[in-house]
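The values are calculated or read from the model by the stated rules, or taken from the named source; none is laboratory data. The structure presented is a predicted model; accordingly, all values stated were derived computationally and were not measured. When we count neighbours, we look across all protein chains shown, and the Cβ atoms used for this are built from the backbone with ideal geometry, even at glycine. Only protein heavy atoms, including side chains, enter the accessible area calculation; ligands, DNA and RNA are left aside. Shrake-Rupley method; radii C 1.70, N 1.55, O 1.52, S 1.80 Å.
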Amino acid sequence: MDQRRRLRQAELLLVAVVATLVFGTIGFRLSLTETWFQSFYRAVITSTLTGLDTVPPTNSARAVSIVMVVCGLTIIAYTGAVIVESIAGGVLTGALAERRREKKIERLRDHYIICGYGRVGRRVADEFRAAGVAYVVLDYREDALARAKAHGDLLIEGNGTEDEDLGRAGLDRARGLVVASDDDADNLYITLSARSAHPDLQIVARASDEDAEKKLRLAGADRVVMPYTAAGRTMASLVLKPQVTAFLDTVTTAAGPDLHMAEIEVLDTCANAGRTIRDLRVRHATGAIIVALRKRDGTFDTTPEPDELLEPGDVIVGVGTTDELRRLEDLFAVAG
């Protein structure tokens with residue numbers, strides 16, 4: 001849109017210049033009976049205000065000169081306005097876009113923050129985007145910011161090691177933090193700062209080795225992922241258990257086929273809290289399957305029986321399509 005507008009302005013400017021020179025050339029030719037080239041020369045120096053010290057000998061030529069001077073001043077003023085608008089417009093547009101992003105981020109609640117938009121961070125953003133969850137990217141590198149803008153991500157230009165920048169990303173209102181910097185020291189510092197500021201925040205951090213993993217856990221990370229270890233484990237599983245790995249990849253990838261996994265916490269205010277899987281007829285009512293149950297004491301039941309009691313604080317792990325999982329969430333929604 002801006003390019004089209006700028007082109008239109010350039011076309012108008014060119015037309016105005018040509019029309020002014022044509023008018024001046026013809027006017028001076030008729031009023032002074034000079035040659036065409038001399039008339040054109042007089043039109044140029046008059047419209048550019050360089051020939052004002054030369055007084056035309058006739059009134060008609062003076063009238064043409066007056067019109068040429070007014071046209072010249074108008075063209076110069078318009079040219080200056082276009083230049084100033086082009087320079088200031090870019091600055092103001094950028095500032096306004098930045099302010100709009102900050103307003104959107106200020107309105108976010110229960111969102112996620114991605115610190116570091118490298119290869120790992122971009123993959124996390126892809127999953128968040130496919131799952132339809134709100135997130136904010138926090139990075140300071142130009143290439144990372146350019147990629148985030150290309151995807152239309154909400155972003156903060158800053159460093160996750162700075163408490164102020166974490167605050168601008170809405171740390172106090174966030175549900176989770178993904179610490180995905182390529183530098184273990186930065187990840188450790190970010191984790192420490194975030195845990196200190198937000199004790200209940202879910203933090204998943206990246207580590208390059210086992211030593212960094214231990215330190216990140218001590219700093220307060222709930223989960224630590226080592227990309228190279230995870231990649232090696234996945235490659236081995238693809239060779240040893242290809243179908244199992246393919247299934248798990250299918251249900252855990254938000255952008256994959258329409259079969260996913262979800263975790264749903266049974267709250268005190270849920271109307272169905274305290275009932276069994278059999279009583280609720282989960283499979284019949286929702287179409288989803290409960291494949292695991294994490295009890296509130298932290299233990300996992302990977303094969304929950306139909307008579308298993310679903311108590312407040314338990315977390316249900318379900319498998320199904322998007323609609324089936326939505327119905328499963330509705331089954332354990334807060335009582336209205």
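When the range 278-310 is examined, which residues are found to be surrounded by 14 or more Cβ atoms within 10 Å (Cβ to Cβ), out of contact with any Lys or Arg (no Cβ under 8 Å at 6 or more places or on another chain) and farther than 15 Å from Arg327 by Cβ?
The answer is Val291, Ala292, Leu293, Arg294, Lys295, Pro304, Glu308.
Can you pull out the residues in the range 52-81 that are open to solvent by less than 80 Å² (accessible area, probe 1.4 Å), modelled with pLDDT under 75 and not polar (S, T, N, Q)?
Matches in the range 52-81: Pro56 only.
Under 7 Å by Cβ, and 6 or more places apart or on different chains, what pairs join a residue from the range 271-299 that is under 12 Å from Asp314 (Cα atoms) with one that is open to solvent by 70 Å² or more (accessible area, probe 1.4 Å) and among the hydroxyl-bearing types (Ser, Thr, Tyr)?
Ala292/Thr302
Do any residues in the range 91-108 that are of a type outside the set (Phe, Trp, Tyr) have Cβ atoms under 9 Å from those of residues that are modelled with pLDDT of 85 or more and open to solvent by 90 Å² or more (accessible area, probe 1.4 Å), where the two are at least six apart or on different chains, and which pairs are they?
Glu98/Glu157
Would you please name the residue that is modelled with the lowest pLDDT, looking only at residues in the range 219-232 that are within 30 Å of Asp200 (Cβ to Cβ) and assigned to a helix (DSSP H, G or I)?
Kept after step one, since they are within 30 Å of Asp200 (Cβ to Cβ), are these residues of the range 219-232: 219-227, 229-230.
This time we only want the ones that are assigned to a helix (DSSP H, G or I), so: 219, 227, 229-230.
Details: Ala219: 94, Pro227: 86, Thr229: 81, Ala230: 77.
Among those residues, the one meeting the criterion is Ala230.
When Ser181 is evaluated against the numbered criteria (1) open to solvent by less than 50 Å² (accessible area, probe 1.4 Å); (2) modelled with pLDDT under 90; (3) farther than 23 Å from Gly318 by Cα, which criterion, by number, is the only one it fails?
Exception for Ser181: condition (2).
Just give me the residues in the range 311-336 being under 13 Å from Cys270 (Cα atoms) and open to solvent by 50 Å² or more (accessible area, probe 1.4 Å), in sequence order.
Matches in the range 311-336: Glu311, Glu329, Asp330, Val334, Ala335, Gly336.
In the range 33-51, what residues are farther than 10 Å from Met68 by Cα and either modelled with pLDDT of 85 or more or open to solvent by less than 30 Å² (accessible area, probe 1.4 Å) (or both)?
Scanning the range 33-51 gives Thr35, Trp36, Phe37, Gln38, Ser39, Phe40, Tyr41, Gly51.
Quick one: Val137 ticks every box in (1) modelled with pLDDT under 95; (2) surrounded by 18 or more Cβ atoms within 10 Å (Cβ to Cβ) bar one, so which box is it?
(1)
Is it the case that Asp143 is more than 14 Å from Asp222 (Cα to Cα), open to solvent by 60 Å² or more (accessible area, probe 1.4 Å) and touching a His at 6+ places or on another chain (Cβ under 7 Å)?
For Asp143, the condition - more than 14 Å from Asp222 (Cα to Cα), open to solvent by 60 Å² or more (accessible area, probe 1.4 Å) and touching a His at 6+ places or on another chain (Cβ under 7 Å) - is not met.
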